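Asker: Quick one: the structure is below, and I'll ask about it shortly.
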Amino acid sequence: MTHHEKNSEHSAETFRSQFPLFAQPENRNLVYLDNAATTQRPAMVIDAVADFYRHSNANTHRSSHRLARQATEMVEQTRQRAAAFLNARSSREIVFCRGATEALNLLAYSLCAGLEPGDEIVLSTIEHHANLVPWQMMAERYHLQLRYVPHTAGVPQFDRLDEMLGNRTRIVSLTGGSNALGLRPDLAAIAEKLRGRHLHWVVDGSQLAAHEVVDVQALGCDFFVCSAHKFYGPTGVGLLYGREALLQAMPPWQGGGEMIAEVGLLHSVYADLPHKFEAGTSPLAGLAGLGAAFDFLAQQDRGAMAAHEQALLQWLHRELSQLPHLRLLSQPQHNLGIVAFAPVDAAPADLALWLDGRDIAVRVGHHCAQPLIRASGEGATVRASVAGYTTWQDCEAFLEAVRDFQRVTEPVDSAAAAAAAAGDDWLADDLSALRLERLASQRNWQDRYRELMRWSKSITTKPGIRSAQNLVQGCESEAWLVHRQQEGRHYFAVDSDSRVVRGLAALLLSQIDGRTGSQIAAADFDRLFADLGLRQHLSQSRSNGFYALLRQALQFVESAQ
Ligand code: PMP
């Protein structure tokens, strides 16, 4: 069965037509696969934000006039819809905040204040930094112990969660879906393990809320957090659900206006729930947009939408798993909508740059999950993430681009690599075949990129120089540079895990290797970089890679004079 034969009741095209960004001329060819970072906004949400400012802007609560009443009503209505969205028992259980990050900070701050030294918090290695760092900060302040669910190469074995639960466990804060791998834990199984224990269970539902209908009562968690911008709502607003009795017992996390009932000079009486946790002016336009996002989602067949996303995901995994020189880190099962992988013969950033050249938006890096990525043995991964508007054509364009990338970055000469590994750590690279005119004459970015890849092959792998001492600072990927001077001329050897940086290094060395100090000083690298048409296409950090190498090389030359 080919992907074209597959049919789901969810039409990505119809869904997509509600998102003005895709209709803009400059975005006509955009393939947006960075939905785990943030989704696009439908017209309903954009209009609600604009309408708030256009028609009814006023602050809530504090003023007694028509617009203020209207704004207050809008906020409380949005709260009721939020309660319905998560199936909370009442809107008193919904606290608005800036996003999942703020919600998790609030929870860490308020819950840990009531703990005793030595009490334990259970986390997992797959958590977003937002669900790690706040707990680390409070563990330090209150002398608490952090425990981690057992894992294999960073992937938690949630079925072994009970091994970490003891009579000092007070908080278990776990993801409802990983933003790095898409992995969705079996939350019902986790609930089962936690039932009847004297602890609080926090679910980081940031990724979950975009892909599944959430029912906090059925889930049985004590707290649930998510950010609106991950489910087609505005940035700057998020939800914290908490059981009413628990929220009631927790101290507020920020002080200020709105969160008080009465203020004296030495003490204040706090407002009732949920306002106790909402100090200061709320992001009102964002809340108007959030209300519209709930309406928008309520109009969708969420089951069909999820089925569509899952079908795309299965296909992406199947196709990518057949490609050589590529390590797939995510799995198609129990996955909310993410495919994560790393090219074997190039840096993930090289692939992202290639995809960007075709206007395909993916994310590369550690995805705010450094412990996981580190444990996986990679420095970074490429992440493509789907949403309701992702089409089969989007995925096809993405896969085709990855296949093309593999053609462009065919494995480097293993004989040369082996020679280098054998011990000659200098191994002067032969750059004589490189022709600047060839690079300059390429018509478009894809061709220039190809040429740069060809250049990269002339820079051999040099394990002998890959040390902390030779590491070049300020380069996005790792790069190493060494220098020696002989008879008044300067010689360099360079290496990098990035093919693009190696290509750029070849370009640099073609201009400085074997030259005298005055020849090097006279060279105009800015001009060269611009003339070759490289500046406009290379991201800031990539071109910084070139400049980082250049800076280091010039420093060597200077200190050798
Ligand atoms: N947790 C997870 C799993 C996430 O994916 C994110 C956002 N990438 C966050 C927490 C933090 O969300 P925000 O930046 O919206 O506060």
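Asker: Sort out which residues of the stretch 466-509 are farther than 24 Å from GLN406 by Cβ and open to solvent by 50 Å² or more (accessible area, probe 1.4 Å), and write them in order of number.
Answerer: ARG466, ALA468, GLN469, LEU471, GLN473, GLY474, ARG484, GLN485, GLN486, GLU487, ARG489, TYR491, listed by residue number.
Asker: With the stretch 234-348 as the region, which strands (runs of 3 or more DSSP E) entirely inside it contain at least 1 residues that are within 30 Å of THR78 (Cβ to Cβ)?
Answerer: Qualifying strands (runs of 3 or more DSSP E): 238-242, 260-263, 268-270, 338-343.
Conditions tested, residue by residue: (1) under 21 Å from ALA130 (Cα atoms); (2) touching a His at 6+ places or on another chain (Cβ under 9 Å); (3) assigned by TED's automatic domain parsing to the domain that holds GLN80.
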position: GLN322; (1), (2), (3): no, no, no
position: PHE341; (1), (2), (3): no, no, no
position: VAL344; (1), (2), (3): no, yes, no
position: ALA347; (1), (2), (3): no, no, no
position: GLN370; (1), (2), (3): yes, yes, no
position: ARG374; (1), (2), (3): yes, yes, no
position: THR391; (1), (2), (3): no, no, no
position: CYS395; (1), (2), (3): no, yes, no
position: VAL402; (1), (2), (3): no, no, no
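Asker: Separate question: Mind counting the residues in the stretch 18-50 that are out of contact with any strand residue (DSSP E or B) (no Cβ under 6 Å at 6 or more places or on another chain), away from the ligand (no atom under 16 Å from the Cβ) and open to solvent by less than 50 Å² (accessible area, probe 1.4 Å)?
Answerer: Total meeting the criteria: 10.
Yes/no matrix, rows are residues, columns are (1) under 24 Å from TRP354 (Cβ atoms); (2) touching a residue at least 12 places away in the same chain (Cβ under 8 Å):
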| position | (1), (2) |
| --- | --- |
| GLN486 | no, no |
| GLY514 | no, yes |
| ILE520 | no, yes |
| GLY533 | yes, yes |
| PHE546 | yes, yes |
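Asker: Moving on. Just to be sure I understand the filter: pairs with C-beta atoms under 8 Å, separated by 6 or more residues or on different chains, first member in the stretch 105-133 and touching a residue at least 60 places away in the same chain (Cβ under 8 Å), second member of a type in the set (Asp, Glu) and within 11 Å of the ligand (Cβ to nearest atom). Which pairs pass?
Answerer: Sorted first by the residue in the stretch 105-133, then by its partner, the pairs are GLU127/ASP204; HIS128/ASP204; ALA130/ASP204; ASN131/ASP204.
Table: residues versus (1) at pLDDT 95 or above; (2) under 21 Å from VAL45 (Cα atoms); (3) among the β-branched types (Val, Ile, Thr); (4) open to solvent by less than 60 Å² (accessible area, probe 1.4 Å).
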| residue | (1), (2), (3), (4) |
| --- | --- |
| GLU192 | yes, no, no, no |
| GLN217 | yes, no, no, no |
| CYS221 | yes, no, no, yes |
| PHE224 | yes, no, no, yes |
| SER227 | yes, yes, no, yes |
| GLY242 | yes, no, no, yes |
| MET250 | yes, no, no, yes |
| GLU258 | no, no, no, yes |
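Asker: With respect to ALA84, is the statement that it is of a type in the set (Gly, Ala, Ser), open to solvent by less than 10 Å² (accessible area, probe 1.4 Å) and in contact (Cβ under 8 Å) with a residue 12 or more places away in the chain true?
Answerer: no
Asker: Against the definition (hydroxyl-bearing (Ser, Thr, Tyr), open to solvent by less than 30 Å² (accessible area, probe 1.4 Å) and at pLDDT 90 or above), how does THR409 come out, yes or no?
Answerer: no
Asker: Looking for whichever is in a helix (DSSP H, G or I), outside the structural domain of ALA342 (by TED's automatic domain parsing) and within 11 Å of the ligand (Cβ to nearest atom) here; the options are ALA209, ALA188. Which one fits?
Answerer: When all the criteria are applied, what remains is ALA209.
Asker: Determine, yes or no, whether ARG16 is assigned by TED's automatic domain parsing to the domain that holds THR391 and within 24 Å of ASN179 (Cβ to Cβ).
Answerer: Here the answer is yes, as ARG16 does meet what is asked.
Asker: Identify, please: which residue in the stretch 220-229 is away from the ligand (no atom under 14 Å from the Cβ) and touching a strand residue (DSSP E or B) at 6+ places or on another chain (Cβ under 7 Å) and is, among those, nearest to ASN335 (Cα to Cα)?
Answerer: Filtering the stretch 220-229 for residues that are away from the ligand (no atom under 14 Å from the Cβ) and touching a strand residue (DSSP E or B) at 6+ places or on another chain (Cβ under 7 Å), the one nearest to ASN335 (Cα to Cα) comes out as CYS221.
Asker: Conditions first: (1) touching a Ser or Thr at 6+ places or on another chain (Cβ under 6 Å); (2) more than 23 Å from GLY388 (Cα to Cα); (3) at pLDDT 95 or above. GLY291 passes all but one, so which condition is the exception?
Answerer: Just one mismatch for GLY291, condition (2).
Asker: Considering only the stretch 87-131, state which residues are assigned to a helix (DSSP H, G or I) and more than 16 Å from the ligand (Cβ to nearest atom).
Answerer: SER91, ARG92, GLU93, SER110, LEU111, CYS112
Asker: Residues that are more than 20 Å from LEU399 (Cβ to Cβ), in contact with an Asp or Glu (Cβ under 7 Å, 6 or more places away or on another chain) and not aliphatic (A, V, I, L, M): does the stretch 303-315 have at least one?
Answerer: No, that holds for no residue.
Asker: With away from the ligand (no atom under 16 Å from the Cβ) and in contact with a helix residue (DSSP H, G or I) (Cβ under 6 Å, 6 or more places away or on another chain) as the only criterion, which of ARG147, ARG170 stands out?
Answerer: ARG147
Asker: Determine if the stretch 349-365 includes at least one residue that is in a strand (DSSP E or B), surrounded by fewer than 20 Cβ atoms within 10 Å (Cβ to Cβ) and in contact (Cβ under 8 Å) with a residue 40 or more places away in the chain.
Answerer: Yes: one or more hits.
Asker: For the stretch 132-144, enumerate the residues that are within 16 Å of the ligand (Cβ to nearest atom) and either assigned to a loop (DSSP other than H, G, I, E, B) or open to solvent by 20 Å² or more (accessible area, probe 1.4 Å) (or both).
Answerer: Correct list: LEU132, VAL133, GLN136, MET137.
The values are calculated or read from the model by the stated rules, or taken from the named source; none is laboratory data. Bear in mind the structure is a predicted one, so any value in this text is a computation, not a measurement. All Cβ positions, even for glycine, are placed from backbone atoms using ideal geometry, and neighbour counts span all protein chains on display. Just so you know, the surface numbers come from the protein's heavy atoms only, side chains and all, with ligands and any DNA or RNA stripped out. Shrake-Rupley method; radii C 1.70, N 1.55, O 1.52, S 1.80 Å.
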